[in-house]
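Q: Mind having a look at this structure? Questions to follow.
The values are calculated or read from the model by the stated rules, or taken from the named source; none is laboratory data. Please read all numbers here as calculations on a predicted model, not as lab measurements. Note that we place each Cβ from the backbone using ideal geometry, even for glycine, and neighbour counts take in every protein chain shown.
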């Protein structure tokens, strides 16, 4: 009966722990914040794609650091956002490279000129300093940090993993069709670099590969499969604001892809506003010194902003992607008002809050510090009272909830073990004192009270025999039968006394 009661109690506690775990998980999943993706490191503080910028982003607790790769003349992958080095390095200050300027027609048909990284060896590029690419940002840290290779940045990410806080890497193949046209394809070399850095192991930091060109993503998928790593990296298709993606294209990409990365105006749609100065012909994501804003939110997007305290309102693109199991990571969230719609009044926290309500799964940010501040302001309302006790702001909310769930499980296991041990101990104690009925009916082992046992063991010779017979160990009946004043001897003396009295 006691065993049945203990089993029932254990089952009830385990069920309770499972319910708690489900409540915690449901609360976290329903209200988790979007992933924070450090766009090119931390370019609002440091020149883009530098180790220092990536390190600062990791310190702010981002989920991913994002980088772009281009190839050098001798086949090394370096982290640069453009095919050319003009805007992001001090190459123009090096007269020895003046003749390297080059003009070409890209596979897309667009004309481009400048100092192409593909015309420099890695040794030559190591003589260059990175500089702040956006001219109206603080230039104080320009000419202080070197251009870095992809393996160097991957090692930084792996080191952060070893320190106990995994940070994912989010890598874009920049101009893959151009690199293929000059005999420097990126995909195989990228996979080589990832494997060499340890990303062939599933336990390594999370990995996402992205490109504007679907052919590059398909090549990456084939490369990973050929190396025995199918599915090791998630694939994201980047979309510019001029893209028109139909359902057939999304269906095809969903068969092997993970998500899409649209320009943010494709999620929160805009109306042109005469107040927003913009150079004619500029793309919607262009960085122009003459730019003052991006426009005004359309009626649908404004409705999403108004619904932040109520039901979620999502754009058509987000709904279409989610219906196919694809995540949505829009770009790029910057602090300067010129990169926002007028509706936000140059408040980056308000802009991030709107996009969270629009249902996005991650955001590319130039300022990880601002993203961390925004997360701290998001007092999420869990769906369960349990979640409300432990829910809190920040990108690690889900991890905290999971930790509490594990602790609750361990506590329940400890409680069950304690109850079972207590019940067994009490049964043993009762058995020790209930010895007289059994000792005359068994010839094997019998329980005796501790004080009586000590006297018996001492009488039997003590020593090693005493060590063999602990207080919780049944003593052989043979010992008791040969010991002075044992219960059998007492009973025998009383019988003889009775006989003697009767004879008299």
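Q: Yes or no: residue 223 modelled with pLDDT of 95 or more and in contact with a helix residue (DSSP H, G or I) (Cβ under 8 Å, 6 or more places away or on another chain)? Working first, answer last.
A: Numbers: modelled with pLDDT of 95 or more: yes; in contact with a helix residue (DSSP H, G or I) (Cβ under 8 Å, 6 or more places away or on another chain): yes.
It is true that residue 223 is modelled with pLDDT of 95 or more and in contact with a helix residue (DSSP H, G or I) (Cβ under 8 Å, 6 or more places away or on another chain).
Q: Looking only at the stretch 59-81, which residues are buried (at least 22 other Cβ atoms within 10 Å of the Cβ) and within 17 Å of the chain's Cα centre (by Cα)?
A: Once the filter is applied, which keeps residues that are buried (at least 22 other Cβ atoms within 10 Å of the Cβ) and within 17 Å of the chain's Cα centre (by Cα), the stretch 59-81 yields 62, 64, 65, 66.
Q: Still on this structure, I have one more. Exactly one of these conditions fails for residue 241: (1) crowded, with 20+ Cβ neighbours inside 10 Å; (2) in contact with a strand residue (DSSP E or B) (Cβ under 6 Å, 6 or more places away or on another chain); (3) closer than 28 Å to residue 116 by Cα. Give me its number.
A: Only one criterion in (1) crowded, with 20+ Cβ neighbours inside 10 Å; (2) in contact with a strand residue (DSSP E or B) (Cβ under 6 Å, 6 or more places away or on another chain); (3) closer than 28 Å to residue 116 by Cα is unmet by residue 241, namely (1).
One line per residue, one yes/no per condition, for (1) touching a residue at least 60 places away in the same chain (Cβ under 8 Å); (2) in contact with a strand residue (DSSP E or B) (Cβ under 7 Å, 6 or more places away or on another chain); (3) within 21 Å of residue 188 (Cβ to Cβ):
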residue: 39; (1), (2), (3): yes, yes, no
residue: 47; (1), (2), (3): yes, yes, no
residue: 60; (1), (2), (3): yes, no, no
residue: 68; (1), (2), (3): yes, yes, yes
residue: 84; (1), (2), (3): no, yes, no
residue: 88; (1), (2), (3): no, yes, no
residue: 91; (1), (2), (3): no, no, no
residue: 114; (1), (2), (3): no, yes, no
residue: 126; (1), (2), (3): no, yes, no
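Q: Could we say that residue 97 is surrounded by 15 or more Cβ atoms within 10 Å (Cβ to Cβ) and without any contact (Cβ under 8 Å) to a residue 40 or more places away in the chain here?
A: On the way: surrounded by 15 or more Cβ atoms within 10 Å (Cβ to Cβ): yes; without any contact (Cβ under 8 Å) to a residue 40 or more places away in the chain: yes.
So residue 97 fits the description; yes.
Q: Being over 25 Å from the mean Cα position of the chain (by Cα) and touching a residue at least 12 places away in the same chain (Cβ under 8 Å) is the filter; apply it to the stretch 240-259 and report the residue that is farthest from residue 284 (Cα to Cα).
A: Our first condition is that a residue be over 25 Å from the mean Cα position of the chain (by Cα); within the stretch 240-259, this holds for 240-252.
Filter once more, keeping what is touching a residue at least 12 places away in the same chain (Cβ under 8 Å): 240-243, 245, 247, 250-251.
Numbers: 240: 8, 241: 6, 242: 8, 243: 11, 245: 17, 247: 23, 250: 22, 251: 26 Å.
Per the criteria, the residue is 251.
Q: If the requirement is being modelled with pLDDT under 75, surrounded by 12 or more Cβ atoms within 10 Å (Cβ to Cβ) and more than 14 Å from residue 344 (Cα to Cα), which of these qualifies: 285, 279, 309?
A: Working: 279 fails: surrounded by 12 or more Cβ atoms within 10 Å (Cβ to Cβ); 309 fails: surrounded by 12 or more Cβ atoms within 10 Å (Cβ to Cβ).
Within the list 285, 279, 309, the selection yields 285.
Q: Separate question: For the stretch 193-217, which positions are in contact with a strand residue (DSSP E or B) (Cβ under 9 Å, 6 or more places away or on another chain) and assigned to a helix (DSSP H, G or I)?
A: Result: 193, 194, 214, 216, 217.
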